[in-house]
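What follows is calculated from the coordinates using simple rules that are stated; it is not laboratory data. In this text, all values refer to a predicted model and were calculated from it rather than measured experimentally. Using ideal geometry, Cβ is built from the backbone for each residue, glycine included, and neighbour counts are taken over all protein chains shown.
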Amino acid sequence: NNKFKGRDFLTLLDYSTEEISYLLQLAKELKAKQKAGKTYQPLLGKVLGMIFEKSSTRTRVSFETGIYQLGGTGLFLSTNDIQLGRGETISDTAKVLSGYLDGIMIRTYHQSDIEELASHATIPIINGLSDDFHPCQVLADLQTIEEVKGTLAGLKLAFVGDGNNMANSLMIGAAKMGMNFSIASPKQYLPQASIVEKAKQIAQDTGSIIEVTTDPIAAVKSADVIYTDVWASMGQEEEQAKRLKEFASYQVNQQLLDHAKSDYIFMHCLPAHRGEEVAADIIDGVHSVVFQEAENRLHAQKALMVALMAD
Ligand code: CP
Ligand code: NVA
């Protein structure tokens, strides 16, 4: 599908509802192929560079495995090892790597650095997480919700916790797909007003309801999907103790979930902290789909790479 070829994937804001649906359909097909043991190598000979300035288990392994399964190769590029980490400019790095690679996945702090890389590169740039967004995770999350619930539009997704990169991307993803989205955070940790505003604008076209509150019970009320994430993200390690106190009443536990729909599913991008943002009996309980969700990173990103990088 040449509507995708060569494009970047920096946030879900740049993709229409139809385009996201197309990627989800492709992810479903690629998952079925993989499960049937079929070889499918539309990226034969292609190389994906994977720049990491932060740690990763899922993103690194799912991208590297995914490109390999599609016939290509992934290169793990830690900023501890490449010259970018010693001060070589983003624009020089972008121009040099564009001469070798067929695509770059980057995980870093500032969304603006990813945008700068994209503006100087001539190959697709994929956001593998920034402080503001984690769109690849949300593709996998939407795939998972559709698998379990059979649909997206009209469902209610409740996010309880920090108004962070996951909250931002889920809010945009939900709005794009016509899902209702409700977030509960302590006042000083609500998502950025500018991103809430964007989600509300999108929601006007898709019919979603976007709700922002400090009350976890209000957020999870009649929700189909309950989502949480760590209280201190990568780069916020020194705030851990302070946040533990401030988020104490935002734990996803049975008492809170009594207010959700009885057939709710529990989701978390992982890594998780049991006993902090989620009680162990919930993340390890029968409503939890976190490992199906983690596996779908592989399938969703394979779809993304095929769409952006295949000839
Ligand atoms: N969910 C996620 O992105 O996990 P990693 O940090 O392990 O890549
Ligand atoms: N919010 C978390 C997500 C990790 C996948 C972080 O940024 O560390």
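If I require 24 Å or longer along the helix axis, counting alpha carbons, and a Kyte-Doolittle average no lower than 0.0, what helices from the chain are left? Use full DSSP H segments.
Helices meeting the span and hydropathy rule in the chain are 290-309.
Only DSSP H runs of four or more residues enter the estimate; each adds -39500 (n - 2.57), and after division by the residues of the chain the mean residue ellipticity at 222 nm equals -12500 deg cm²/dmol. Sorted into 20 angstrom bins from 0, the C-alpha pair distances of the chain split as 34, 58, 8 percent.
Comparing Q255, M171, T206 along the charge dipole axis of the range 137-293, the residue lying farthest to the positive side is T206, per the Cβ-charge model.
For the pair A248 and Q188 in one chain, pulling the backbone fully straight at 0.36 nm per residue adds 20.2 nm over the alpha carbon distance.
I want the local charge near T206. Using Cβ-Cβ distances under 12 Å, sum +1 for each Lys or Arg and -1 for each Asp or Glu among the other residues.
After counting each charged neighbour, the total is 0.
Full extension of the chain segment joining D258 with K54 gains 69.8 nm, where the gain is 0.36 nm per residue of separation less the Cα-Cα distance. For the range 137-293, a simple Cβ point-charge model (Lys and Arg +1, Asp and Glu -1, everything else neutral) yields a dipole of about 380 debye relative to the Cα centre. Take 22-29, 156-163, 303-310 and order them by the average number of nearby Cβ atoms within 10 Å per residue, most first; the result is 156-163, 303-310, 22-29. Listed peptides 7-18, 138-149, 229-240, 58-69 appear in the order 138-149, 58-69, 7-18, 229-240 once ranked by packing, highest mean of other Cβ atoms within 10 Å at the front.
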